[in-house]
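Right, one structure below, let's go through it.
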Amino acid sequence: MELAWYALLGLFFAGYLVLGGYDYGVGLLLARGADAGRRRAALNAVGPFFLGNEVWLVAAVGILFGAFPVLEGELLAGGYPAVVAALAGVILVTAGVQLRSRPEGRWARAGWDRVIVIGSLLAALGWGVVLAGLLQGVPRHADGHVAGVTHLFTPFAAATGLAPVALVAAHGATFLTLRLPAAEGDRLRPLARRLVVAAITAVGVAAVVGLLSDRVRAAAQRPAVGVLLAGLLVAALLMARTALGRRRPGVAFAATATALALPVLLVGATLWPYVLVSTIEPGASLTVTDAAASAPTLRLLGWLAMPLLPALLGFQAMCWWIFRGRTDGRAPVYW
């Protein structure tokens with residue numbers, strides 16, 4: 001039962017990175033200095049999906065608090081700077097998107113656009129550092145507490161934190177090639193291809209730094225699996241670049257979505273059966289079973305989640321079906 005809930009936690013957080021990722025990617029692209037009309041068109045492209053995408057984060061946090069209370073406590077205690085930065089970014093993006101269209105107020109739309117850019121950067125960077133902190137291990141003592149937050153300020157955490165920034169930028173640009181009118185999508189394709197190359201570079205740098213890091217090598221329980229999944233991530237990005245070159249935005253978007261989901265699988269599979277690996281006392285490492293709530297609690301949560309999961313998936317599918325196609329009403333070329 002613990003494994004099922006752990007997989008569900010990974011599913012929801014990966015889903016949030018994929019769906020919220022193109023929100024933040026589009027937000028980062030507002031920094032390009034495009035004219036007001038193009039910025040508005042980009043935000044209108046994500047508008048129908050925006051709030052629904054954030055629900056996946058809420059669901060992931062709910063599972064973390066309910067099904068893995070020990071992990072939640074240690075994760076917040078040992079990684080609060082990164083978690084706070086990520087949540088602050090989420091709030092800034094939400095506020096910026098909601099308030100930029102107000103007809104009155106002290107801030108002009110350009111000011112709120114800058115808020116969206118900053119929030120998108122913080123969200124992507126913060127979640128990247130959280131995943132890096134898990135992958136390289138934490139200074140957890142035998143009393144069950146993580147000592148300090150200095151483990152978040154390492155070369156590997158910095159490199160891995162920047163990789164999601166590049167990934168969401170490429171994902172957002174690819175999303176716009178799929179959603180905007182064909183002429184505007186074609187105009188953005190070269191930028192999307194360059195951003196995919198930047199994402200490949202960022203992922204490659206993070207992988208090299210990880211392979212050279214004693215902390216990462218010590219924490220990895222299944223390093224071969226981690227290397228394999230990192231290779232699949234790069235392969236997905238290469239597929240996205242090829243698909244963009246062949247004017248297949250649907251394939252490219254599926255590939256960048258896969259690239260954003262794979263880091264969650266990489267962390268979970270590389271550390272298994274642990275969720276927190278102690279870098280100072282091996283016996284203090286926290287397994288999935290130890291981090292989970294009691295069996296009666298998990299069963300109760302299961303009865304509560306059974307109707308909610310299909311409702312969430314159905315709502316997301318309905319949104320994509322209703323607002324499918326480009327913003328000018330034309331269908332994109334998927335394949």
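The table that follows gives values for the structure above.
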{"read-out": "Cα centroid of the stretch 208-264 to Cα centroid of the stretch 5-34, whole Å", "value": "15 Å"}
{"read-out": "Shape category assigned to the stretch 188-268 from the gyration tensor of Cα positions, a/c cut at 1.5", "value": "prolate"}
{"read-out": "Contact order normalised by residue count of the chain, Cα under 8 Å, 6+ apart, percent", "value": "24 percent"}
{"read-out": "Two-decimal Rg to Rh for the stretch 2-123 - Kirkwood Rh, Cα set", "value": "1.04"}
{"read-out": "Relative contact order, percent, the stretch 121-219 [alpha-carbon distance under 8 Å, six or more residues apart]", "value": "33 percent"}
{"read-out": "Shape category assigned to the stretch 273-328 from the gyration tensor of Cα positions, a/c cut at 1.5", "value": "oblate"}
{"read-out": "For the stretch 61-157, convex hull of alpha carbons as volume per residue, Å³", "value": "110 Å³"}
{"read-out": "Loop-located chymotrypsin sites (Phe, Trp or Tyr not before Pro) in the stretch 1-110, at most 15 other Cβ atoms within 10 Å (DSSP)", "value": "W107"}
{"read-out": "Rounded tilt (10° steps) of 249-271 against the dominant C-alpha axis of the chain", "value": "10 degrees"}
{"read-out": "Per-selection Kirkwood Rh - the stretch 223-285 (Cα, Å, 1 d.p.)", "value": "13.1 Å"}
{"read-out": "Degrees, to the nearest 10: 223-245 long Cα axis against longest axis of the chain", "value": "0 degrees"}
{"read-out": "D (Stokes-Einstein, µm²/s), Kirkwood Cα radius, the stretch 97-216, 1.567 mPa s at 4 °C", "value": "78 µm²/s"}
{"read-out": "Cα gyration tensor of the chain - equivalent ellipsoid semi-axes, whole Å, descending", "value": "33, 22, 20"}
{"read-out": "Selected from Q316, Q98, Q136 as most flexible by GNM, with the chain as the system and alpha-carbon contacts under 10 Å", "value": "Q98"}
{"read-out": "Crossing angle, helix 69-99 versus the chain [Cα axis fit, 0-90 degrees, rounded to tens]", "value": "10 degrees"}
{"read-out": "Square roots of five times the Cα gyration tensor eigenvalues for the stretch 181-335, Å", "value": "36, 27, 9"}
{"read-out": "Whole-Å distance, taken between Cα centres, linking the stretch 105-140 and the stretch 267-288", "value": "26 Å"}
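Values in this text are rule-based calculations from the coordinates and carry no lab data. Since the structure is predicted, the reported quantities are computational estimates derived from the model, not experimental observations. As a convention, Cβ positions derive from the backbone with ideal geometry for all residues, glycine included, and neighbour counts pool all protein chains shown.
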